[in-house]
Amino acid sequence: MNDFQKMKNAAQRKWDSLRNNKIPVIFLGTASCGRAAGATTVLDTIRTTLKKRKIKAKIVEVGCIGPCYLEPLMDIQLPGKPRVSYSNVTPKLAKLILESNLIKGNPLSKLAIGYFGDSIDGFTDGLPRFFDLPMLKPQTRVVLRNCGIIDPEEIDHYMANDGYQGLVNAFIKGPLDVIAEVEQAGLRGRGGAGFPTFRKWKICRESPGKQKYMICNADEGDPGAFMNRSLIEGDPHAVLEGLVIAAYAIGATKAYIYIRAEYPLAIARLKKAIRQMKKYGFLGANILDSGFDLDITIKEGAGAFVCGEETALIASIEGKRGMPKSRPPFPAVAGLHGMPTIINNVETLGTLPNILRKGASWYSQLGIQGNSGTKTFSLVGKIRRAGLIEVPLGMTLRKIIFDIGGGTLKPFKAVQTGGPSGGCLSGEFLDTPVNYESLAAAGSIMGSGGLIVMDEDTCIVDVARYFLDFTQRESCGKCSPCRVGTRHLVEILQRITRGEGKIEDLDKLQTLGETIKRGSLCGLGQTAPNPVLTTLKYFRSEYLMHVNEKHCEAAVCRALIEYRVVPENCTGCQLCVSVCPTEAITGPRSEVHNLDPEKCIKCRACYEICRFDAIAGDAIIIKSKRG
Amino acid sequence: MSSKILNKMLSGFEGKQEDLIPILQSIQEKFGFLSEANVKQAARFLKISENQIFGVASFYSQFRFTEPGRNSIKVCLGTACHVRGGQILSDAVGRDLEITHGQTTTDKRFDFERVACLGCCALAPVIQINDDIYSKMSVIHLRETMEKYE
């Protein structure tokens, strides 16, 4: 353990030299979301600008700090000055900011959105602290504490921020006390089901078996969820440290990370972090002289949603079709290769180092009774401030959606929690505190943490159809309630969205949904009808409108809408004519255009391109553009 | 030629059932798809039948059995993308390329897949062409984006 202190001191020096920098430091968020927003071209511009102007500066690529809607995010820290953050940075803007900062020493505070550290008169005037921004202030960052702050590819950055201290503490305590600490902390599985983590571990530890296995479930198949990706990309060592702690607690000497192949950057960062761990002695034989050995293997998933289910995931690692098995026996007793196996979610593992570092009583004070700690969510959909957030359990949906997310552009309609296994909650649930039990009571689930916000432009029947279409395609086909039942549900929902629904269909959806829930083998089928059942319950009028009046109020169901030209707004600019793929729109320049509904395929191209709101859908005039 | 490359690749594995999916992933990464010849060779190495391999491979959406195009376009149909118009993009790609998802254009310029979620939900809707991700996509920008790829 002496070596640990030495390594930590060296890491601290490296981190301090970055903070008390002699040359400017440029931080750029280059997680997948940053890259999707154009961070790589910004990075190229930064490099060429520095070269051209012969400026010495250090570039640090960081993970996602959370407000994805502001990406690309670039921060500049001049020597002796606070780190100042800029949002929506284009290559052109990057050049302007760099030249102003690095040459004139002027931070262009008007363009900045916030600063980190201490305020300095005349430099940070009028700027808020970054973590005081409306999206960030109500949050509590435990799992995400390093995301966007440290270089995820530098183990020293992680160590200087108390990384691997939790592991050292775990070794001092011994496995049984680690389990006791996690029990006291009240940690529940963050993958969605919320089963107490310690209890699963205890069963595994006490089960006989020559070899025990520890698996990190990084499959994150829920569409609309990216918390795990962001955590791995932004702070891979946090997840890996948690994995070693968990393996130590249950007595496993082999660990796997099962991760989606769709996350190449996360995979690359894990691989690099594992190499660093080996070098520092946090992996392999006799880790930190504790007598504990561990190897980690990365297994890439091959694209099957059902593999998020524990027994299916195990089958997939074994090289088989990823089909679930009936339980018991639970994996904690007989899992991978028939041996006791624990599967924990990425976020559960990312939480562990914090608990072991700061103690169970600190952690259990976060959140509410029976639901301690924090939960990360991906807050997306029709929301002003979309991104990755972390809040204490028990915060209301209203606070999350309106205070953190800034609300919706058009009136709020629903929030979908828990991905395809979850449900859509209406406005009457906005004051519900978010915890495992309250969401379940409302008919939804916590799930892994996808929060998809919907406004009046979202058709609830279409959303239910979307989720059922997804689960139907992802059903492994082993049991008939799921295989046949979900298919039947989709067919009914498709009929309704085409305006061919009958009133009896609603009862059919209800009884069929309940049957599938009761009769399915695994979690996929048992939860698949949730989106239908919750929407039938809370948005019945919308179903009725589709069935009785063949009317889709949100103008989404394509069979029920028609695009038309709004003559009083049309300037005859011909933009829509140029994009229409079927020549449905015609008209000489400067005259009101004509849209032939017979030829129109409802591709929406004209609606998107029109600058004068002169294209409308159905009877409803869409007044403003999608935000 | 390809059998030699594959032999070398296979020698890096132990030959256990557990190696099957990683082997198929390596084959696909190297050759773009799982050809019958390659599957045959992998079957011999793993001492299992080709049918067993196809049985596993066909379960997972990652694997393809036909040659991919020069460029690969993936339209994200995650929930966030769906509520922001992902289906409309998917239809537009299909219309422009005159193929449906899972197919390759006859000139091999593009193959077209739909994916469950690319994890860039805050910037929906997104599409991916080769390794590039394009966010906040619209039908209008689609064509000019695709034109960048020959």
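Centroid-to-centroid, using Cα positions, region A:476-542 and region A:260-333 are 34 Å apart. Take A:I215: with every protein chain present and a 1.4 Å probe, its accessible area is about 0 Å². Evaluated over the Cα positions of region A:325-375, the convex hull gives a direction-averaged projected area, one quarter of its surface, of 5.0 nm². In the structure shown, the pairs A:K173/A:K358; A:K95/A:K382; A:K478/B:K40; A:K22/A:K52; A:K299/B:K108; A:K212/A:K299 are assessed against 23 Å; a Cα-Cα span above that value is assigned to A:K95/A:K382; A:K478/B:K40; A:K299/B:K108.
For region A:302-365, the solvent-accessible area with a 1.4 angstrom probe is 30 square angstrom per residue.
Quick check on my link table: of A:K200/A:K399; A:K92/B:K136; A:K272/B:K30; A:K110/A:K410, which ones sit more than 27 Å apart, alpha carbon to alpha carbon? Check vs 27 Å cut-off fails for A:K200/A:K399; A:K110/A:K410. Among the DSSP helices (H) of chain A, those spanning at least 20 angstrom by Cα along their long axis with an average Kyte-Doolittle hydropathy of -0.5 or more are A:236-250, A:264-280, A:460-474, A:480-497; this is a geometric and hydropathy rule only. Quick one: pull the percent of accessible area on the protein assembly as shown belonging to carbon and sulfur, 1.4 Å probe, ligands and nucleic acids left out. Heavy-atom surface of the protein assembly as shown belonging to carbon and sulfur, 1.4 Å probe: 50 percent. Cross-link reach is defined here as a Cα-Cα straight distance under 18 Å, omitting same-chain residues fewer than 8 places apart; for A:K502 the lysines meeting it are A:K537, A:K550.
Dividing the Cα radius of gyration of chain A by its Kirkwood radius returns 1.00 for Rg/Rh. Computing FRET efficiency as 1/(1 + (r/R0)^6) for A:D293 and B:R70, where r is the C-beta to C-beta distance and R0 is 45 Å, gives about 0.45. Legend: residues in region B:106-123 shielded by at least 50 square angstrom of accessible surface upon adding the remaining protein chains to the isolated chain (1.4 Å probe, heavy atoms) are B:A116, B:C117, B:G119, B:C121, B:A122, B:L123.
When Rg and the Kirkwood Rh are both derived from Cα coordinates, the Rg/Rh ratio for region B:1-140 amounts to 1.05. Percent of C-alpha pairs per 5 Å bin in region A:403-485, short distances first: 3, 13, 22, 22, 19, 12, 5, 3, 1.
Enter the Cα centre distance for the pair region A:59-102 and region A:390-444, rounded to the nearest angstrom. That distance is 32 Å.
With Cα atoms as the point set, region A:424-569 shows a radius of gyration and Dmax of 16.1, 58 Å. Region A:153-194 and region B:66-93 have Cα centres spaced 40 Å apart. Association of chains A and B removes close to 4000 square angstrom of accessible area from solvent, both sides included, for a probe radius of 1.4 Å. Considering region B:73-114, its Cα convex hull presents a mean projected area of 2.5 nm². All other residues whose Cβ lies under 9 angstrom from that of B:E113 are scored, Lys and Arg at +1 and Asp and Glu at -1, for a net of +2. Quick one: which bits of region B:18-54 get at least 30 Å² less accessible when the partner protein chains are in, versus the chain alone, with a 1.4 Å probe? Hits at the 30 Å² cut-off: B:E18, B:I21, B:Q25. Compute accessible area for region B:68-82 by itself and then with all protein chains, 1.4 Å probe, and report residues whose area falls by 50 Å² or more. At a threshold of 50 Å² (probe 1.4 Å), the residues of region B:68-82 that become less exposed are B:T79, B:H82.
Within the shell defined by Cβ-Cβ distances under 9 Å, the residues around A:A584 carry a net charge of -2, with Lys and Arg each +1 and Asp and Glu each -1. Electrostatic bookkeeping for B:M9 treats Lys and Arg as +1 and Asp and Glu as -1; over the other residues with beta carbon under 14 Å from its beta carbon, the sum is +1. With loop membership from DSSP and a limit of 16 other Cβ atoms within 10 Å, the longest segment of chain B without trypsin sites (Lys or Arg not before Pro) is B:71-107.
The values are calculated or read from the model by the stated rules, or taken from the named source; none is laboratory data. Since the model is a prediction, treat every value here as computed from it, not as a measurement. Note: ideal-geometry Cβ built from the backbone for every residue, glycine included; neighbour counts use all protein chains shown. Remember, those area values only see protein heavy atoms, side chains included, never the ligands or the DNA or RNA. Shrake-Rupley method; radii C 1.70, N 1.55, O 1.52, S 1.80 Å.
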